[in-house]
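The values are calculated or read from the model by the stated rules, or taken from the named source; none is laboratory data. No experiment lies behind these values; they were computed from the predicted model shown. We place every Cβ from the backbone using ideal geometry, glycine too, and count neighbours over all the protein chains shown.
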Amino acid sequence: MLRFEDGLLFNVGSEFQDFADQVIANVREKLNPADLQHFKASDSTRKGSGMSPEEWARPPRLRRVKIQVLEIVWAYLYSGREKEAWRALADMWPIADVERIRSEIIAARARGMHGQLDGVSNGVVPTDENAVMVYDSTDKPAKPIMVRYYPPSGATDVPLLKGKVRVNLVVDSAGKVRSVKVSGKQEASEYLKRSADEWKFIPALVEGRPVASRVRMTLTLHNEPRETSPVH
């Protein structure tokens with residue numbers, strides 16, 4: 001991520017760590033654990049992997065794993081997290097070859113755009129949890145408009161979701177639930193968290209403007225024979 005400002009070119013990747021994290025998560029999801037294990041046990045070629053030449057040759061086994069690991073490492077580097085990049089490399093690359101590939105990455109980075117920049121931004125956009133002021137006390141508290149939960153489909157689990165649970169929420173200035181903590185019936189936690197994406201609130205107000213706030217609620221769960229079940 002680059003920014004051209006006052007005639008100067010800056011690396012601002014550290015301000016876009018959320019985007020890099022999405023890239024990393026997508027790559028990790030596609031990474032085959034068995035292939036990664038074979039690759040880690042090799043010398044970055046087929047040797048030592050425990051696989052036959054025919055198995056490695058099935059496209060694109062070795063090349064695919066290498067690309068995926070390097071995509072993760074570069075995503076960390078591009079987002080200003082060098083320590084995490086080298087940790088990921090050490091965790092997934094063949095041990096005997098880590099220092100060589102690390103040196104190659106550093107050299108490639110120096111030859112590329114990174115070596116032509118005028119500066120690097122040290123600003124890190126905070127996470128949702130601390131990016132916005134979250135109020136414990138407000139002029140007008142957040143008010144629920146629609147709160148439902150989706151009970152599990154298995155009949156044997158349904159009785160577990162009856163009764164009262166205490167939830168602590170963070171509701172943002174748009175009335176969307178950003179975090180859910182459940183106390184009481186922990187077996188209900190998964191289903192409440194899954195359902196919370198669809199909950200709607202009128203956001204809390206401070207001096208007439210909507211703000212993020214913490215909301216503590218006691219919910220009464222009812223399992224009913226319909227698509228969704230109400231929470232009171």
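Any chance the range 41-52 includes a residue that's assigned to a helix (DSSP H, G or I) and either surrounded by 12 or more Cβ atoms within 10 Å (Cβ to Cβ) or modelled with pLDDT under 90 (or both)? Write out each step before concluding.
As a first pass, look at the range 41-52 and keep what is assigned to a helix (DSSP H, G or I): none.
The answer is no; no qualifying residue exists.
Please enumerate the residues belonging to the range 189-219 that are modelled with pLDDT under 80 and over 14 Å from Leu169 (Cα atoms).
Listed by number, the residues that qualify are Glu190, Tyr191.
Do the conditions hold for Phe16, that is, is it at pLDDT below 85 and either within 15 Å of Arg64 (Cα to Cα) or loosely packed, with under 14 Cβ neighbours inside 10 Å (or both)? Don't jump to the end; show me each part of the working.
Values: at pLDDT below 85: yes; either within 15 Å of Arg64 (Cα to Cα) or loosely packed, with under 14 Cβ neighbours inside 10 Å (or both): no.
Against the criterion (at pLDDT below 85 and either within 15 Å of Arg64 (Cα to Cα) or loosely packed, with under 14 Cβ neighbours inside 10 Å (or both)), Phe16 does not qualify.
Could you grab me the full set of residues in the range 96-114 that are surrounded by fewer than 16 Cβ atoms within 10 Å (Cβ to Cβ) and free of Cβ contacts under 8 Å to residues at least 40 places away in the same chain?
Result: Glu99, Arg100, Ser103, Glu104, Ile106, Ala107, Ala108, Arg109, Ala110, Arg111, Gly112.
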